[in-house]
Amino acid sequence: MDYSGLSLGEKISYWCNKSDFVTLNTFVGDEIEVNDNTIFLGDFEGGLRVNPGVIFIHRGCIKGKLLIEEKAKVIILGLVKGSIKSKSLLHLRKGCEVVGDVTAKKISIQPGVKFKGDIVKWN
């Protein structure tokens, strides 16, 4: 796995728990729920829901809707074309690209992120 874009704490957390992560290159279906700690490297078109307590690291391309439930951790390092709705802290890391609107309770955006859309605070 390429660790660029992850903080030191995230790298340590990953290495200590790497057996708890699933690495996927594709999702089958057009509406997917992520229930396990996942590193996604491929392409997906449709709706993706990240459930509570899950760590989701995105390095691929998602075209569609991304819904992040409370207490989920999502780190975007790839491309998202579509809307993102996050009830949790959303991490947009250097090198990622988002084309679409983001609604989030909290958002962390590093320098070097490409973003085209609006950001709205989730109430």
Can you list the residues of the stretch 75-94 with backbone N under 19 Å from a point 7 Å past the Cα of ASP36, pointing along Cα to Cβ?
75
Ranked on Cβ counts within 10 Å of their own Cβ, fewest leading, SER83, SER108, SER88 go SER108, SER83, SER88
Specify whether the C-alpha gyration tensor of the stretch 59-98 places it in the rounded, prolate or oblate class, a ≥ b ≥ c being the square roots of the eigenvalues: rounded for a/c under 1.5, otherwise prolate if a/b is larger than b/c and oblate if not.
oblate
Report the dimensions of the stretch 8-121 along its three principal axes from the alpha-carbon atoms, largest first, rounded to Å.
37, 33, 24
Which of the aspartates and glutamates could a cross-linker bridge to LYS94, judged by Cα under 20 Å and excluding same-chain residues fewer than eight apart?
ASP2, GLU10, ASP43, ASP118
Cleavage-rule hits, GluC sites (Glu not before Pro), the stretch 36-113, DSSP coil, Cβ neighbours within 10 Å at most 15:
GLU70
What percent antiparallel are the DSSP beta bridges of the stretch 8-121, to the nearest 5?
0
LYS63 to ASP101: extension gain in nm, 0.36 nm per residue of separation minus the Cα-Cα distance?
12.4 nm
Straight-line reach only, C-alpha to C-alpha below 17 angstrom: list the lysines that LYS87 could link to, leaving out same-chain residues fewer than 8 apart.
LYS65, LYS71, LYS73, LYS105, LYS106, LYS121
Among the trypsin sites (Lys or Arg not before Pro) within the stretch 40-84, which fall in a DSSP loop and have no more than 13 other Cβ atoms within 10 Å of their own Cβ?
LYS71
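Taken together, the values in this text are just the output of simple stated rules run on the coordinates, not laboratory data. Worth saying up front: this structure is predicted, and the values here are computed from it rather than measured. Virtual Cβ from ideal backbone geometry, glycine too; neighbours counted across all protein chains shown.
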